[in-house]
Amino acid sequence: MEIAKLVLEFIKVLVWPVVVLFVLVFFRAETRDLFHRLRTLRGGLAEAEFAEQAALARAESELASVDAPSSADADMPFFASVLSAAFRSPDLAVLQAWETLERQLEHAVATLGLKRRTRGHPVRSLNVTYAVHQLVGCGLPASTGTAIIDLHQAGRQIFELGASPEGARDFIEACNNVYRQLAGFLTDPAAGSDPTGESVRAGES
């Protein structure tokens with residue numbers, strides 16, 4: 001009797017793995033198609049999330065131009081080529097745009113003699129949030145600072161979310177807007193003072 005119970009329990013444990021194996025073997029094409037559809041759906045949702053973040057960052061960067069003096073002839077280096085690359089390799093174009101903006105941010109920090117990071121932060125990397133807060137303290141409009149932080153957070157998620165060409169273009173346009181605002185601010189820091197006294201929205205470094 002005990003042996004019969006043990007055999008029954010053993011069969012119960014094995015039944016689901018056997019069923020799953022049967023489905024995978026005999027319905028290979030259908031299973032492969034289902035997994036492909038799920039991956040496509042997940043990718044589409046992720047791209048939509050990045051596109052939403054990029055559109056928000058672009059809108060913020062355009063609103064920031066009201067407060068921030070921007071240099072009309074100070075587009076990002078290779079701006080046109082990076083923008084056109086958004087159709088061929090959107091993820092790569094997003095990374096190139098952010099790296100260019102980050103270099104401009106580093107230049108602003110160095111020009112004004114500000115610290116690149118808080119104590120204990122990795123030596124070689126720029127603490128973006130810390131740098132932005134310092135720049136806002138020097139007169140960079142808070143709206144520009146918020147746009148920088150939002151672009152930084154969106155750019156950090158590019159490998160997880162992926163970008164559509166439209167999302168990449170919004171991101172690149174936003175980076176260019178902020179790049180020009182930083183250039184204008186460096187030309188005349190006093191002109192960038194934020195009359196509202198608003199603080200920049202906190203974000204991760």
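Where a number appears in this text, it was derived from the coordinates with a stated rule and is not lab data. Quantities reported herein were computed from a predicted structural model and do not represent experimental measurements. Glycine gets a Cβ as well: all are built from the backbone with ideal geometry, and neighbour counts include every protein chain shown.
Potential lengthening of the chain between R103 and S84 amounts to 4.8 nm, from the contour at 0.36 nm per residue minus the alpha-carbon distance. Here the spin labels are modelled as points 7 Å beyond Cα on the Cα-Cβ line, and at K115 and L56 they lie 3.0 nm apart.
Stretching V66 away from E9 to a fully extended chain increases their span by 13.3 nm, per 0.36 nm per residue minus the current alpha-carbon distance.
Tell me, what is the FRET efficiency for E160 and D188 to the nearest 0.05, using R0 = 35 angstrom and their Cβ-Cβ distance as r?
So the FRET efficiency works out to roughly 0.35.
Rounded to whole numbers, the Karplus 3J(HN,Hα) couplings from phi for the range 147-164 are 4, 4, 5, 5, 5, 4, 5, 5, x, 5, 9, 4, 6, 7, 9, x, 10, 7 Hz, using 6.51 cos²θ - 1.76 cosθ + 1.60 with θ = phi - 60°, and x at Gly and Pro.
Highest mean packing first, where packing is the average number of other Cβ atoms within 10 Å per residue, the peptides 143-155, 85-97, 167-179, 49-61 line up as 167-179, 143-155, 49-61, 85-97.
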